[in-house]
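Worksheet: one structure, shown below.
The values are calculated or read from the model by the stated rules, or taken from the named source; none is laboratory data. Just so we're clear, the structure is a prediction, and the values are computed from it rather than from any experiment. Cβ placement follows ideal geometry from the backbone for every residue including glycine, while neighbour counts extend to all protein chains displayed.
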Amino acid sequence: MQNLPRSFYTQRTLTVAKELLGKIFVHKIGKNYLSGMIVETEAYLFNDPASHAFRGLTERNKPMFNSGGFLYVYFTYGMHYCANVVTYKEGIGEAVLIRAVEPLDGIEIMRANRNFKDFHHPHNLTNGPAKFAQAFSLTKIHSGIDLCGKEIFINEGNHIPKSNIVSTTRIGISSGMDKKWRFYIKANEWISKK
DNA sequence: TCCACGATCGGCT
DNA sequence: GCCGATCGTGGAG
């Protein structure tokens, strides 16, 4: 299966946010592969008060100002990480938050990473941005990594037709509520709730 | 120097 | 099902 090229990530951010649905996020750790199909995303644009990049470049959000195809991971709530795919052109500061994936390879490792024992509700393993980051062992140290590399990358996966993509308001923000920039695959049980 | 911001879990009701 | 605890970051004062 083909890894996504730079030209995929440098498209318009809202395009990438929708196109990422159905693609396969992969983190290679030693000889093990953690992978999952992306089922839910949120777009954050440069003129968007809910975006970390809204007030310009800082030490934390620096990776967001790379060209598309880099990873931006931030720490939140004193205990969690969230992972974003940087999009569009260098110097702009836009990204797509990965909110949920459907796990494929390395599920046992993901369970161990999250100390997850709830076998009655398997979808709770990766149905939230911080759950995804923890399951995939993504932390601060991965912020700024090039997704056109060999450690963390995204594969082609399946194309999701427009008719199967739902767009709604984003979650967990207190500004920018007018923008319907959360996207998920219709009738997929692995998306986050609310 | 202070204060707003934000995801998840566990424990309680 | 609701409630509290958790803390780094960056803007405002």
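Would you tally the residues in the range A:69-110 being at pLDDT 95 or above, within 23 Å of A:Q134 (Cα to Cα) and of a type in the set (G, A, S)?
Matching residues across the range A:69-110 total 5.
Please go through the range A:25-43 and pick out each residue that is of a type in the set (G, A, S) and touching a helix residue (DSSP H, G or I) at 6+ places or on another chain (Cβ under 7 Å).
A:A43
Give the residue that is farthest from A:V101 (Cα to Cα), with candidates limited to residues of the range A:26-55 that are in contact (Cβ under 8 Å) with a residue 12 or more places away in the chain, part of a loop (DSSP other than H, G, I, E, B) and small (G, A, S).
Checking each candidate, the answer is A:A53.
Check the range A:160-170 and report whether any residue there is within 19 Å of A:T87 (Cα to Cα) and away from DNA strand C (no atom under 16 Å from the Cβ).
yes
Return the residues of the range A:121-136 that are surrounded by 18 or more Cβ atoms within 10 Å (Cβ to Cβ) and among the polar types (S, T, N, Q); say none if nothing qualifies.
Across the range A:121-136, the qualifying residues are A:T126, A:N127, A:Q134.
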